[in-house]
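The values are calculated or read from the model by the stated rules, or taken from the named source; none is laboratory data. The structure displayed is predicted, hence computed values, not measured ones. No Cβ is skipped: glycine too gets one built from the backbone with ideal geometry, and neighbour counts run over all protein chains shown. Please note that ligands, DNA and RNA were not included when accessible areas were found on the heavy atoms of the full protein model with its side chains. Shrake-Rupley method; radii C 1.70, N 1.55, O 1.52, S 1.80 Å.
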Amino acid sequence: MLRKKLGILVVVLITLASCNSGKVGIDTNKDIVTTIDLVTIVDDKVKVEVNPGKFQTETTTFNIPKTVPGTYSDDNYGRYIDDFKAYDYKGNEVATTRVNQNSWFISNAKKVDKVSYWVNDTFDTEYEAKSAVFSPAGSNILENKNFVLNLHAFVGYFSGSEQDPYVINVHYPKNLQGVTSLPKVVQEKETFNIDTFGTTRYAEVTDNPIMYSEPDTANFLVNDMNITLSVYSPTGAYSAESLKGNIETMIKAQKNFLGKVDATKQYTILLYLSTLATNDATGFGALEHNTSTVVVLPEQMPKDAIESALKDVVSHEFFHIVTPLTVHSEEIHYFDYNNPKMSKHLWMYEGVTEYFANLFQINQGLIDEEAFYNRINTKIKNSRLRFNDALSFTEMSANILSDEYKDEYANVYEKGTLIAMVIDVTLRAESNGETGILDLMRKLSDAYGSEKPFKDDELFDKIIEFTTPELRSVIDTYIVGNTPIPYNDFLAKVGLTLGEIDIETGYFLNGQIPYISVDKATEEVFILEKGALNSFMTNLGIQNGDIINEINGVKYTLANVYDLIGVSRTWKVGDAITIIVKRNGETKTLAGNITKPTTKGTGIMVKDLPENSKEVQLRKAWLKN
């Protein structure tokens, strides 16, 4: 029944797409038909053919994207293309000229029947590449086992035809299954199968990744939204069913948090687990798409760590259904893949999204207030220490691909989140706790929607129209302007302040900063010789420079140091622990009980205020309404 229903959907989709109002220089009676062959792999490359219909112009240019939405980097996917050729209707080759890494010029376009080329995958070269593609935005070709098809790495476009419909035929081995949010028709041949997909324009092609692998999926419904989880685990260590539970709990909480915001009926999570081999993925995280996300993590991670990573990463990507899926500018809606003009509003696309990914967890009871405050405090610290805190966020966003600003990009997840928090707290304060930034995003969603982009220069005026004039100074000073945010001023509105507190750390990591290292010559694991240690270490008697020989009977060296990090995440406070160290050439046994690891630092503190005070009531509205 499902296959039949999907078939009807795609036929309707393709029929509607064929009614497109016209193509630039291409026969208006034909879709752009692309064939991707995953059956006949040659030298670890996939052959792609693109049939554009009959050209009406003398010349044309074929392009593979230089950059794609969500990456904010120049990745030049054309560098992975080999043997590009154009053919006439008799099968003869038509001359082409490679213009740059990503484009090919064809001077006799009217003769062209189709173009073909071979695609290399990006995962193979990440380990050694100086400018590697971020794995979740990349591609994998593992014959008869796994294909990660971020389609921007496989399917190109002819200049001027970006708004035209595509039909994509994927030939694939019978033992594999293709998972994506796109509806499809399946044709079963004698030795292989064909999936056929239809899209209304090129942006829809690039927005729908597909993963082909041995079937391993789990589906569940959250209200009227179907969620599909597909997992590729090379050793079989993990399955979709084994990871489904926490994701289902999380997305149910997200849907409860969002309320009326409902932009899609299908959401797909494609999880690729890397072997960490030199020819496998090394960039871990996720890349958002409007109705799906590609997640890449190491398979060696323990289950609790994978579940924790999925909770944080997938929750962020899922919230992109609010922005930029529903609320986005013309720069995103009509994205120029080879000469992009960037929007000024990364503070919203990434900052509001990351803020929601944290706020919903306290709102829905998945974490406590202390954990939420610690996350916000970490972002304050990171934004101040790692990035230019006196920088116009709109200017940075509009120029994020330039050499001057590209290193500031990761701050959209730090200060971008804090900008969203400041807007939220301001709106709560101005409305006596009644409305916040989620209400604003709902209004923007109603005003625009996925097919109605806003003009970049008009968004702030629309935000003021929907909220309060008091927000204008916040926007002009801290988003458009370059004034650092005085966080205490805004935290005070909800009865909080920055001060010295005990901050929880990991046992061997303080955030991303390790307490340990490895001597490559001796392969010994040692405590760093300088720097304050956490309370767990000092309570147990560990000192700077100690060499760790054994922990609870297990010897640790360079070969299994990552196991030590993983095992420590399973430790429980109060359990007995014995660590044998070598100090100044002498072996010492340190025994005791596991304690919660903390360190002194600046953090967010709750002021001692009456329960009925304005600040306390506003804090409740902020975190729980």
Pick from the stretch 521-546, criterion crowded, with 16+ Cβ neighbours inside 10 Å and of a type in the set (Asp, Glu), ranking: nearest to ALA591 (Cα to Cα): ASP546
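Find the residue count for the stretch 381-405, including only residues that are surrounded by fewer than 15 Cβ atoms within 10 Å (Cβ to Cβ) and not small (Gly, Ala, Ser).
Just the residues of the stretch 381-405 that are surrounded by fewer than 15 Cβ atoms within 10 Å (Cβ to Cβ), to begin with: 385-386, 390, 402-404.
From the residues that got through so far, the ones that are not small (Gly, Ala, Ser) too are 385-386, 403-404.
Number satisfying all stated conditions: 4.
Hey, could you check the stretch 276-310 for residues that are charged (D, E, K, R) and modelled with pLDDT under 90 and say which is surrounded by the fewest Cβ atoms within 10 Å (Cβ to Cβ)? Quick ask: steps written out before the conclusion?
Step one: list which residues in the stretch 276-310 are charged (D, E, K, R), which gives 280, 288, 299, 303-304, 307.
Checking which are modelled with pLDDT under 90 leaves us with 288, 304.
Values: GLU288: 25, ASP304: 12.
In this case the residue turns out to be ASP304.
So if I check each of VAL494, VAL518, which one is surrounded by 16 or more Cβ atoms within 10 Å (Cβ to Cβ) and under 25 Å from ASN411 (Cβ atoms)? Step through it out loud before you land on a result.
Working: VAL518 fails: under 25 Å from ASN411 (Cβ atoms).
Unique residue meeting the criteria: VAL494.
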Subset of the stretch 554-602, residues closer than 19 Å to SER535 by Cβ, out of contact with any Leu (no Cβ under 7 Å at 6 or more places or on another chain) and among the small types (Gly, Ala, Ser), comes to SER568, GLY574, ALA576, ALA591, GLY601
(1) open to solvent by 10 Å² or more (accessible area, probe 1.4 Å); (2) modelled with pLDDT of 95 or more; (3) within 29 Å of GLU288 (Cβ to Cβ); (4) not in a strand (DSSP E or B) all hold for TRP118 apart from (4)
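Any residue at all in the stretch 466-488 that is part of a helix (DSSP H, G or I), under 22 Å from the mean Cα position of the chain (by Cα) and closer than 22 Å to ASN625 by Cβ?
The first filter runs over the stretch 466-488 and keeps only residues part of a helix (DSSP H, G or I), leaving 466, 471-480, 487-488.
Add one more test, that the residue is under 22 Å from the mean Cα position of the chain (by Cα), and what stays is none.
For the stretch 466-488, residues part of a helix (DSSP H, G or I), under 22 Å from the mean Cα position of the chain (by Cα) and closer than 22 Å to ASN625 by Cβ: absent.
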Only listed residue being under 18 Å from GLY70 (Cβ atoms), small (Gly, Ala, Ser), out of contact with any helix residue (DSSP H, G or I) (no Cβ under 8 Å at 6 or more places or on another chain) and open to solvent by less than 60 Å² (accessible area, probe 1.4 Å), chosen from SER431, SER445, SER450: SER450
Matching option when the condition is under 30 Å from GLY433 (Cα atoms) and in contact (Cβ under 8 Å) with a residue 40 or more places away in the chain, among LEU558, LEU618, LEU540, LEU564: LEU618
Options GLU188, GLU143; residue that is out of contact with any strand residue (DSSP E or B) (no Cβ under 7 Å at 6 or more places or on another chain), open to solvent by 40 Å² or more (accessible area, probe 1.4 Å) and either modelled with pLDDT of 95 or more or of a type in the set (A, V, I, L, M, F, W, C) (or both): GLU188
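Within the stretch 197-224, how many residues turn out to be under 23 Å from GLU288 (Cα atoms) and open to solvent by 20 Å² or more (accessible area, probe 1.4 Å)?
Keep residues of the stretch 197-224 that are under 23 Å from GLU288 (Cα atoms), which gives 197-213, 215-224.
Next, only the ones that are open to solvent by 20 Å² or more (accessible area, probe 1.4 Å) stay: 200-201, 203-204, 207, 215-217, 219, 221, 223-224.
Residues that pass the stated criteria total 12.
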Tell me yes or no: at least one residue of the stretch 548-557 is among the aromatic types (Phe, Trp, Tyr) and more than 18 Å from THR595 (Cβ to Cβ). yes
